[in-house]
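J.: Following this message is one structure expressed as C-alpha cells.
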Amino acid sequence: MDRTGIADELNAWFSREARPLPWRDPEISPWAVLVSEFMLQQTQVERVLPRWVAWMERWPTPSALAADPPGEAVRAWDRLGYPRRALWLHQAAVEITERHGDQVPSDIDALLALTGVGPYTARAVATFAFGERHPVVDTNTRRVIARAVHGRAAAGMPAARDLDDMAELLPNTPAAAAVFNAAAMELGAIVCTARAPRCGVCPIAQLCEWRGSGYPENAPTKRPKQARFEGSDRQARGRVMAALRAAEGPVARAELLAAAVSDVGPGDSAQAERAVASLLSDGLVVVTGDALRLP
DNA sequence: ATCCAGGAAT
DNA sequence: ATTCCGGGAT
C-alpha cells in the first residue's frame, strides 16, 4: 500500500480545498474544539455552525457553562438533535471546572473520563486542539479507508481495527498527522461520500483500491438498519423537548403529553407517556410541583 | 429509505 | 454485540 502517497496527496488537497470552518482556526481554544466535536456527533457541519457560534459567544469557557443550569444548555442546543449531548456537554464542563482547573485536558484517558466523550471525540480533541499524534477515526475516515485501502464499497461495523488502519497511514510528524486526520474526514464528507462519490475530483483516485478494481459491489451486509423516524418514540421525545424549549418556565404535564402527539395523527397516549418518562429518566426533564420543566 | 465529525446503556 | 437516541437533507 502506498502509505505516504495517500497522506501526501490528501494533505496537499486539504490545504487547497478545506472548508474554512471556525473551529479549525489555529488560535481557537481547546474548549471551542470540544464544543464543536460534541455538536458534530452525528450532525452535519452546516447545521452546527450557527449554534456553535452562539454557544461560544455565550459560554467562552467551561466554567461559564458550568455556572448556568443544564437546562440552558439544552435550550441553546435548539434543534441539533440528540439533546442528551447538551446535558453531557454541560456535565463535561462541570467536570473540567472541578477536576482540571477550567482547562480542557489533553490526555486521552482524562478526555475519555469526561461525560459524553468517547473514542472519537477524545482523539479528535487531543489531535485538533493540542496537536498530538493520534489516529482520529469517524464515519468518513472509515469509509475512505474502506474504499482506498481495502477496496470495499463501504465500511463495516466500527472496530478496534479501524484505529490501527488509520495509524498505519498517519504521517510521522504530529502536525502532518493532525492535518491528515482532518483531511481524511473532509474527503469523506465532501468527495468520498456514501451515496455518490465524486471520484472525478478525488485527489487519490489513482491510489484508490476500490476504483482500481472497478467499483465492486462488495459492501458489508452487517450494517444495522436505522429504525424509521416518522411515528417513532424519538419523534415524540423531540416534540416534548421542542415544547419545553419554547416555554419560558414549567409546562403542565397534560400539555406536554399533548405536545408529544402529532398535530394531525390519531395520537398515541402510551407513546406520549413513554416519551415523557424516558426524558425524565434521562434528566432532560424534571418535576416541579405538578408541572415539568428543563433541568 | 439512507445517511450523518458517536456515545451510553444493556 | 445490539439498541436507543433527533432531525435535516438527499
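The values are calculated or read from the model by the stated rules, or taken from the named source; none is laboratory data. Keep in mind that what you see is a predicted model, and the values were worked out from it rather than measured. Here Cβ is always computed from backbone atoms with ideal geometry, including for glycine, and neighbour counts include all displayed protein chains. Quick note on the areas: whole protein, heavy atoms, side chains included, nothing else; ligands and nucleic acids left out. Shrake-Rupley method; radii C 1.70, N 1.55, O 1.52, S 1.80 Å.
J.: Find how much the distance from A:GLN206 to A:ALA254 grows on full extension, using 0.36 nm per residue of separation minus their present alpha carbon separation; answer in nm with one decimal.
T.: 11.2 nm
J.: Alpha carbon centre of segment A:16-58 versus segment A:132-147: separation in Å?
T.: Rounded to whole Å, the Cα centres lie 19 Å apart.
J.: Translational diffusion coefficient, Stokes-Einstein: compute it for segment A:6-123 using the Kirkwood radius over C-alpha pairs as Rh, at 37 °C and 0.692 mPa s, and state it as an integer in µm² s⁻¹.
T.: For the chosen part, D equals 220 µm²/s.
J.: Also, quick follow-up: Return the distance in nm (one decimal) between the two label points of a simple spin-label model at A:ALA291 and A:GLN103, each offset 7 Å from Cα along Cα→Cβ.
T.: Inter-label distance under the simple model: 4.4 nm.
J.: So how much slack lies between A:ALA175 and A:GLU217, counting 0.36 nm per residue of separation and subtracting their Cα-Cα distance, in nm? Kindly include the intermediate steps, with their values, before the conclusion.
T.: Working: separation 42, 0.36 × 42 = 15.12 nm, distance 3.62 nm.
The A:ALA175-A:GLU217 span can extend by a further 11.5 nm.
J.: Work out the length of the dipole vector of chain A about its Cα centre, built from +1 on the beta-carbon of each Lys and Arg and -1 on the beta-carbon of each Asp and Glu, and round it to the nearest 20 debye.
T.: 880 debye
J.: For segment A:122-211, max minus min Cα coordinate along each principal axis, in Å, sorted largest first?
T.: Principal-axis extents of the Cα atoms in segment A:122-211, largest first: 34, 26, 19 Å.
J.: Semi-axes, largest first, in whole Å: what does sqrt of 5 times each Cα gyration tensor eigenvalue give for chain A? Before the final figure, lay out each step's value.
T.: Working: eigenvalues 288, 122, 45 Å².
Listed largest to smallest, the semi-axes of chain A are 38, 25, 15 Å.
J.: Let me ask another. Find how many whole Å separate the alpha carbon centroid of segment A:239-295 from the alpha carbon centroid of segment A:159-223.
T.: After rounding, the separation between the Cα centres reads 42 Å.
J.: Given a 1.4 angstrom probe, what's the average accessible area per residue across segment A:173-214, in square angstrom? Can you show the working numbers first?
T.: Numbers: 1940 Å² over 42 residues.
Result: 46 Å² of accessible area for each residue.
J.: Could you give the Stokes-Einstein D for segment A:48-91 in µm² per second, using the C-alpha Kirkwood radius, 10 °C, 1.306 mPa s? All intermediate terms of the calculation are to be shown ahead of the outcome.
T.: Numbers: Rh = 10.3 Å.
The calculation lands on 154 µm²/s.
J.: Related question: Report the dimensions of segment A:233-293 along its three principal axes from the alpha-carbon atoms, largest first, rounded to Å.
T.: Sorted largest first, the three principal extents are 29, 21, 17 Å.
J.: How many nm is it between the label spots at A:GLN44 and A:ASP164, if each spot is 7 Å from the Cα in line with the beta carbon?
T.: The answer from the label model is 3.5 nm.
J.: Taking amide H positions as placed in the peptide plane 1.01 Å from N, state which residues far from A:ALA252 in sequence (5 or more) or on other chains have amide H under 5 Å from it.
T.: Answer set, sorted by chain and number: A:LEU292.
J.: Now for a different question. Residue separation times 0.36 nm, minus the C-alpha to C-alpha distance between A:ARG245 and A:ALA154: what's the value? If you can, show how the numbers build up before the last one.
T.: Working: separation 91, 0.36 × 91 = 32.76 nm, distance 3.83 nm.
Separation in residues times 0.36 nm, less the Cα-Cα distance, equals 28.9 nm.
J.: Let me ask you something else. Share of chain A's accessible area from carbon and sulfur, percent, 1.4 Å?
T.: Details: 7810 of 14830 Å².
The value for chain A is 53 percent carbon and sulfur by accessible area.
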